[in-house]
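Here is the structure we will look at.
The values are calculated or read from the model by the stated rules, or taken from the named source; none is laboratory data. Keep in mind that this is a model prediction, so the values were computed, not measured. Cβ: placed from backbone, ideal geometry, glycine included. Neighbour counts: every protein chain shown.
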Amino acid sequence: MTAFVDDLAALVEQEVAAGATPALSVAFSDGGTPEAGAWGDAAPGRPVTTETMFQAASISKPVTAFAALRLAAAGTLDLDCDINEMLVTWKLPPVRGWAPRVTVRHLLSHSAGLTVHGFPGYRRGEPTPTVVQILDGVAPANTGPVRVEAIPGLHAKYSGGGYTVLGQLLADVTGKPLPDLLEELVLEPLGMVGARFEGALPAELANRVAHGREAGEAIPGGWHDYPELGAAGLWCTPADLVRFASGVQRAAAGALPALLPEDMARDMLTEQVPGWGLGVVLDGEGAARRFSHSGRNAGFLSLLVASCEPGPAVAVMANADSASPVMRSVAARVAAHLAWDSFERPEGPDLLAIAKRLAGAYVTDAGERFELVLGTDSFALVAPGQPGLPLAPIEPTVWISSAVSAELRVELGESAEGDVLVLHQMGRAFRASREAPTEAGSSPSGT
């Protein structure tokens, strides 16, 4: 390890000792060979190493996007053709007689207007559905059907369901199983030697992977299986993610060796709808432009951030859903080490500050009472008669649940009393205003 990686150890080992983050692994580069470090226990009694594999979760999506772009560059796939003209195994159904035109470009930029934000995964040993069962929401699938619910092409609506459609499309147009195709098109040529797309991990890899923790508890069996491979099925190391980022940077710069033509790689890093390129989040201007993606599977968090030009890239992975603060701190220290002045994204209000501000009780127009409860490593919505539902931010004012199809949008007023919650669920919106304090100056206890 370099002296800088040794310096990171003091920061990470404090978190590991506190128990909130069993293991954390980081890799970074400034255009060269990745440097890496890892601390903590991948599983009880088994120390993590820089070769330990973590679930990359939604960072699977940009890797799948890169494969789709390679097929498009080869003429196998048309980015702007109706996907139903290319799908074989399954077709996107019409909506009440209306057959919207959805393209690969829509899928890649999350602008297809499709349902199913994310996936909770399946406990090891449980029956897992086929891709077609997932897309139609048929048992044993544990999510609803993937369907169009908004006019495609107008704006981004994050959809893991859309990337599951994309995975089936890639398999259909090539006639190859998706894991083999992604290995051939992305993992092997980019030197991602510790990376695998697996719906159910083979037994021989069990001792090479981290075990996840969710809400402070070990995931039974160590992890959940994710048959939604294109959206969430990547296992890898942070160094693999940095190698992927470097491959994108090289292609966009026209540097050899490159796996994509320069114009197509530039298209990947060009905003298609606000905030989104083809498979990646975009922000910044000019030389400060960056692409990024984060991931959250049951018990795992991951983060990848890279300059759009050849240069800095950092990836951090952890096996606990409470690890986000230390992951961000590690990434920021790496950026400072690399003199990456444009690293900090102008995201507006700090998420923790927003959560602190929003915590409290709210009442709907119909008199139903909700609470937002901030814990030491959680933020949860408490509905009448229900246990707390953990929420995760996708924007500072948009919070979602990975357990059910619920989205909480926040309308921030000029004061704390002016904040309004709008809970969206199954096509309905529940609007709630902050509960007025009692005469004693405090809110009544919640359910």
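Points worth noting:
- Test result for residue 260, closer than 23 Å to residue 107 by Cβ and touching a Ser or Thr at 6+ places or on another chain (Cβ under 8 Å): no
- Tallying residues that are aromatic (Phe, Trp, Tyr) and out of contact with any Leu (no Cβ under 8 Å at 6 or more places or on another chain) within the range 1-50 yields 1.
- Here 63, 102, 88 are screened, and the one residue that is surrounded by 20 or more Cβ atoms within 10 Å (Cβ to Cβ), among the β-branched types (Val, Ile, Thr) and out of contact with any Cys (no Cβ under 9 Å at 6 or more places or on another chain) is 102.
- Sole exception among (1) touching a Phe, Trp or Tyr at 6+ places or on another chain (Cβ under 6 Å); (2) surrounded by fewer than 23 Cβ atoms within 10 Å (Cβ to Cβ) for residue 180, by number: (1)
- Single condition residue 44 does not satisfy, out of (1) surrounded by 23 or more Cβ atoms within 10 Å (Cβ to Cβ); (2) under 28 Å from residue 392 (Cβ atoms): (1)
- Condition check for residue 222 on (1) part of a loop (DSSP other than H, G, I, E, B); (2) touching a Leu at 6+ places or on another chain (Cβ under 6 Å): one failure, at (2).
- Residue, farthest from residue 200 (Cα to Cα), within the range 119-147, restricted to residues that are touching a His at 6+ places or on another chain (Cβ under 9 Å) and basic (Lys, Arg): 123
- Sole exception among (1) of a type outside the set (Val, Ile, Thr); (2) surrounded by 24 or more Cβ atoms within 10 Å (Cβ to Cβ); (3) under 24 Å from residue 143 (Cβ atoms) for residue 221, by number: (2)
- The set of residues in the range 294-318 that are of a type in the set (S, T, N, Q), in contact with a Leu (Cβ under 8 Å, 6 or more places away or on another chain) and either part of a helix (DSSP H, G or I) or surrounded by 22 or more Cβ atoms within 10 Å (Cβ to Cβ) (or both) contains only 302.
- Cross-chain or 6+ apart pairs with Cβ under 7 Å, the range 182-199 first and touching a residue at least 12 places away in the same chain (Cβ under 8 Å), then among the basic types (Lys, Arg): 185/70; 190/243; 191/243; 192/243
- Residue within the range 127-136 that is touching a residue at least 24 places away in the same chain (Cβ under 8 Å), touching a strand residue (DSSP E or B) at 6+ places or on another chain (Cβ under 9 Å) and outside any loop (DSSP other than H, G, I, E, B) present: no
- Evaluation of residue 240 against (1) surrounded by fewer than 24 Cβ atoms within 10 Å (Cβ to Cβ); (2) under 18 Å from the mean Cα position of the chain (by Cα) (one fails), failing number: (1)
- Here residue 54 meets each of (1) out of contact with any strand residue (DSSP E or B) (no Cβ under 8 Å at 6 or more places or on another chain); (2) at pLDDT 95 or above with one exception, condition (1).
- Just one of the listed residues (135, 108) is under 21 Å from the mean Cα position of the chain (by Cα), more than 20 Å from residue 295 (Cβ to Cβ) and in the same structural domain as residue 224 (by TED's automatic domain parsing), and it is 135.
- Residue, surrounded by the most Cβ atoms within 10 Å (Cβ to Cβ), within the range 326-335, restricted to residues that are over 16 Å from the mean Cα position of the chain (by Cα), modelled with pLDDT under 90 and over 18 Å from residue 210 (Cα atoms): 330
- Which listed residue, of 215, 245, is surrounded by fewer than 20 Cβ atoms within 10 Å (Cβ to Cβ) and in the same structural domain as residue 269 (by TED's automatic domain parsing): 215
- The range 261-288 residues that are loosely packed, with under 15 Cβ neighbours inside 10 Å, paired with ones that are assigned to a helix (DSSP H, G or I) and at pLDDT 95 or above (beta carbon under 7 Å, 6 or more apart): 262/251; 262/252
- Listed conditions (1) buried (at least 23 other Cβ atoms within 10 Å of the Cβ); (2) in contact with a strand residue (DSSP E or B) (Cβ under 7 Å, 6 or more places away or on another chain) are all met by residue 69, apart from (2).
- Taking the criterion of being over 16 Å from residue 68 (Cβ atoms) and in a loop (DSSP other than H, G, I, E, B), the residues of the range 257-277 that qualify are 257, 258, 271, 274, 275.
- Listed conditions (1) aliphatic (A, V, I, L, M); (2) touching a Pro at 6+ places or on another chain (Cβ under 6 Å); (3) modelled with pLDDT under 90 are all met by residue 18, apart from (2).
- Selection within the range 401-418 - modelled with pLDDT of 75 or more and under 14 Å from residue 379 (Cβ atoms): 408, 410
- With respect to the conditions (1) loosely packed, with under 14 Cβ neighbours inside 10 Å; (2) closer than 21 Å to residue 294 by Cα, residue 199 falls short on a single one, namely (1).
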